[in-house]
1. Treating each Cα of segment A:11-67 as an identical point scatterer and ignoring solvent, apply the Debye formula and state log10 I(q)/I(0) at q = 0.22, 0.30 Å⁻¹.
2. Per residue, how large is the accessible surface of segment A:33-112? Use a 1.4 angstrom probe and give square angstrom.
3. Write down the radius of gyration of segment A:134-196 and its Dmax, each obtained from C-alpha positions, in Å.
4. Checking buried surface per residue: for segment A:146-163, which residues lose a minimum of 30 Å² accessible area in the protein assembly relative to the chain alone (1.4 Å probe)?
5. If you keep only loop residues by DSSP, which trypsin sites (Lys or Arg not before Pro) in segment A:159-266 have at most 15 other Cβ atoms within 10 Å of their Cβ?
6. Lys and Arg at +1, Asp and Glu at -1: add these up for the other residues within a Cβ distance under 12 Å of A:E169 and post the number.
7. Name the most mobile residue of A:M159, A:M49, A:M139, meaning the one with the largest mean-square fluctuation, in a Gaussian network model of chain A with Cα contacts below 10 Å.
8. Enter the buried accessible area of the A/B pair, total of both sides, probe 1.4 Å, in Å² rounded to the nearest 100.
Amino acid sequence: MHLHFLDPYRHRQSLIHAFDPRVKFVFTLAFVLTMALLPFGAWPVYVLMLTLSLSITVLSELGVKYVLKRSLLAIPFVLAAVPLLFTVPGPALLTIPIGSLSLTITTTGLERLLSIMFKSWVSVQVAIVFAAATPFPDMLLAMRAVKIPRLLVSLFGLMWRYMFVMVDEVIRLMRARAARSGAIEGAKSGGSIAWRAKVTGGMAGNLFIRSIDRGERIYDAMAARGYDGEVRAFPLPPISSTSWIVLLGGLGLLVVLLLFALLFWA
Amino acid sequence: MLYSPLHSPQAMHIPDGFLSGLVLAVCWGISLIVIVVAFIRVKRDMDERKVPLMGVVAAAIFAGQMLNFPVAAGTSGHLLGAALAMILLGPWAAVLVMTIVVGAQALIFQDGGIAALGANLFNMAVIGVFVSYTVYRAVQRFSKGAKWGIFVGGFLAAWTSIFIAALAAALELAFSATSPANLAVPAMALVHSVIGIGEGLITVGALAFVYAVRPDLVKTTDQKQVGGKFVWVAGLLIAIALAVASPLASANPDGLEFVAEEQGFIEKAQANPYDIIPDYVMPGIADESTATIAAGIVGVIIVFFVAVGVAYLRRNRTTSSASSGS
């Protein structure tokens with residue numbers, strides 16, 4: 001099994017790891033939502049949110065470097081927002097002549113681009129810490145606590161359980177393809193792109209058939225153990241009063257920061 | 001989604017920080033309603049045997065996104081799977097399967113934001129599935145269950161699901177004032193009309209394999225028509241709305257900016273009203289982008305008008321043959 005490169009969970013003995021997963025889940029959702037609702041250019045509030053996310057990162061003992069490195073993965077998407085530099089009307093900051101045309105960067109455009117980058121970056125940090133400090137079964141518990149239907153939660157659980165098996169299937173398929181893909185030096189090999197796509201499609205079809213067969217076998221195994229279509233689970237353990245206080249305090253802080261930002265920058 | 005071929009699979013979905021509150025609210029609202037409906041339909045119509053199946057197929061789609069093939073210059077094509085799941089499981093089950101896949105990508109792997117999940121669900125699980133269903137059913141009606149209908153339908157369904165989902169993503173960014181419509185829409189359309197071909201070819205390859213091994217899974221059955229009409233019409237309306245809105249938006253980005261401004265998502269309390277630059281800052285870009293997008297849009301419109309026409313022809317023919325037969 002190739003758990004190591006798929007499971008984002010990193011075990012540590014930290015405060016964040018030990019926390020009630022339901023509190024972590026709700027707080028993560030609230031944090032990301034607050035970040036989304038902050039108006040452009042509310043820099044003091046952005047910095048406070050960054051302080052908050054970095055404090056959580058430090059408390060989680062995952063290593064600031066690890067989280068910051070992973071948080072860069074959303075950066076390529078920023079390219080979608082780069083044209084804002086030139087298209088948002090505002091006072092000109094810099095004009096780049098390109099031949100007969102000239103591109104004008106506006107301060108308003110620059111501020112908006114930086115705001116988007118910052119919001120995206122801080123949001124993803126909290127999401128990374130949540131995923132790295134919460135084992136997946138605990139996430140399922142949190143999903144049940146926020147009243148996501150049980151069937152959907154159990155589908156999430158099934159997907160998680162069999163994802164590793166399916167990844168192994170994919171790795172076997174790719175290994176088989178690589179083993180049959182001998183190339184002669186200097187000669188053209190590999191066929192046309194359409195042919196390659198067809199081969200890959202055959203592998204995908206193979207994977208689907210295997211997954212469907214496996215799904216049917218799993219059903220038989222479940223039915224043999226008494227499954228009747230109803231998903232049953234242990235009742236959720238009660239949330240401790242400390243967890244409640246931390247959750248309410250955290251949500252209160254986010255609301256205050258959001259109102260502050262909306263009051264002064266919206 | 002814009003640069004997925006270069007950075008797959010990390011940058012495929014919209015991350016957090018790019019969408020405004022209004023866009024998030026609308027996308028979450030629609031997605032949740034559709035997921036609840038899908039949930040009820042699946043619970044009512046499907047046998048319990050299908051429950052573990054859906055979980056495992058979701059795992060397979062997840063893993064299947066690793067399957068790629070080299071295209072050129074270090075880029076590669078790979079599978080997203082909405083159309084394939086729809087063809088093999090039917091539309092409502094596919095909505096749930098894609099919900100799980102996209103949800104897990106956001107929660108576990110930070111591929112796509114958590115607040116932005118509503119929008120990504122809307123693009124992949126709702127639009128991707130509905131639109132591909134519309135196209136696939138239209139081709140099925142035309143081919144009357146012939147073998148070629150499965151493959152042509154599969155290709156077109158896969159291509160349209162990618163293309164239309166990309167247009168939706170571009171419009172969501174434009175409405176959030178985080179990406180100018182006159183650049184984002186044509187760029188997304190262009191990139192994804194190419195990615196869609198890869199998706200279509202892989203889907204056809206997969207269907208050919210499934211057809212050879214388990215023809216019962218792809219042959220038209222009653223189970224796949226369950227709740228079909230609603231999805232069919234919804235898919236058609238979504239496709240037409242996006243096909244019409246996209247060129248409009250890319251031709252009039254100021255209109256969108258105006259909407260955003262009205263909604264208060266642009267700094268409306270700015271003390272000094274800046275001069276609105278009377279022309280585009282990048283001269284000529286509007287014309288260029290209109291030109292690049294025209295081909296794609298015209299293609300989609302043709303596909304859908306052919307689909308509608310074929311559906312009507314087919315319906316008339318069945319009613320007339322049924323009446324002459326009796």
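1. -0.95, -1.22
2. 44 Å²
3. 20.4, 61
4. At a threshold of 30 Å² (probe 1.4 Å), the residues of segment A:146-163 that become less exposed are A:L151, A:L152, A:L155, A:F156, A:L158, A:M159, A:M163.
5. A:R180, A:K188, A:R225, A:R232
6. +2
7. A:M159
8. Adding both sides of the contact gives about 7700 Å².
The values are calculated or read from the model by the stated rules, or taken from the named source; none is laboratory data. The model shown is predicted, which means the values in this text are computed figures rather than measured ones. When we count neighbours, we look across all protein chains shown, and the Cβ atoms used for this are built from the backbone with ideal geometry, even at glycine. SASA here: full protein model, heavy atoms, side chains in, ligands and nucleic acids out. Shrake-Rupley method; radii C 1.70, N 1.55, O 1.52, S 1.80 Å.
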